[in-house]
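Visitor: First, the structure itself, so that you have it in front of you.
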Amino acid sequence: MQHYIPKYVSPKQAAENRARWWRRLFWTLVALPLLFVFFAYGYSDQAPAGLRSAIISFDRALGYPIAWLISTILD
């Protein structure tokens, strides 16, 4: 049976791991919801015509995942 040998993590590596964790947390809790709100606004009647057409064109190019997500969440 092999014995478990703990891996040494230097203070620099520990700091990099914490920074990576904070970046993931930021993208998960802040950036993705803000991006969803931006796209939902782009689909609304209050959005300027240029923004609305740009978001719809972008969504069409991706296969309408934004419209599907909005309809799923706001249904």
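The values are calculated or read from the model by the stated rules, or taken from the named source; none is laboratory data. The structure presented is a predicted model; accordingly, all values stated were derived computationally and were not measured. Backbone-built Cβ (ideal geometry, glycine too); neighbour counts: all protein chains shown.
Visitor: Looking at L51, L34, L25 in this structure, which one is surrounded by 11 or more Cβ atoms within 10 Å (Cβ to Cβ), part of a helix (DSSP H, G or I) and among the aliphatic types (A, V, I, L, M)? Before the answer, list the steps.
Guide: Numbers: L34 fails: surrounded by 11 or more Cβ atoms within 10 Å (Cβ to Cβ); L25 fails: surrounded by 11 or more Cβ atoms within 10 Å (Cβ to Cβ).
Result of the check over L51, L34, L25: L51.
Visitor: For the stretch 58-73, which residues satisfy the criterion of being part of a helix (DSSP H, G or I) and either of a type outside the set (D, E, K, R) or at positive phi (or both)?
Guide: So in the stretch 58-73, the residues part of a helix (DSSP H, G or I) come out as 58-62, 65-73.
Selection gives F58, A61, L62, P65, I66, A67, W68, L69, I70, S71, T72, I73.
Visitor: Further question: Of all residues in the stretch 1-50, how many are under 24 Å from L74 (Cα atoms) and either β-branched (V, I, T) or in contact with a strand residue (DSSP E or B) (Cβ under 6 Å, 6 or more places away or on another chain) (or both)?
Guide: Qualifying residue count, the stretch 1-50: 3.
Visitor: Hey, could you check the stretch 37-48 for residues that are in a loop (DSSP other than H, G, I, E, B) and not hydrophobic (A, V, I, L, M, F, W, C) and say which is surrounded by the fewest Cβ atoms within 10 Å (Cβ to Cβ)? Full working, then the answer.
Guide: Looking only at the stretch 37-48, we keep the residues that are in a loop (DSSP other than H, G, I, E, B), and these are 44-48.
Add one more test, that the residue is not hydrophobic (A, V, I, L, M, F, W, C), and what stays is 44-46, 48.
Details: S44: 11, D45: 5, Q46: 7, P48: 9.
Once the filter is applied, the top-ranked residue is D45.
Visitor: May I pose another question? For K12, state whether it is modelled with pLDDT of 90 or more and exposed (fewer than 10 other Cβ atoms within 10 Å of the Cβ).
Guide: Values: modelled with pLDDT of 90 or more: yes; exposed (fewer than 10 other Cβ atoms within 10 Å of the Cβ): yes.
For K12, the condition - modelled with pLDDT of 90 or more and exposed (fewer than 10 other Cβ atoms within 10 Å of the Cβ) - is met.
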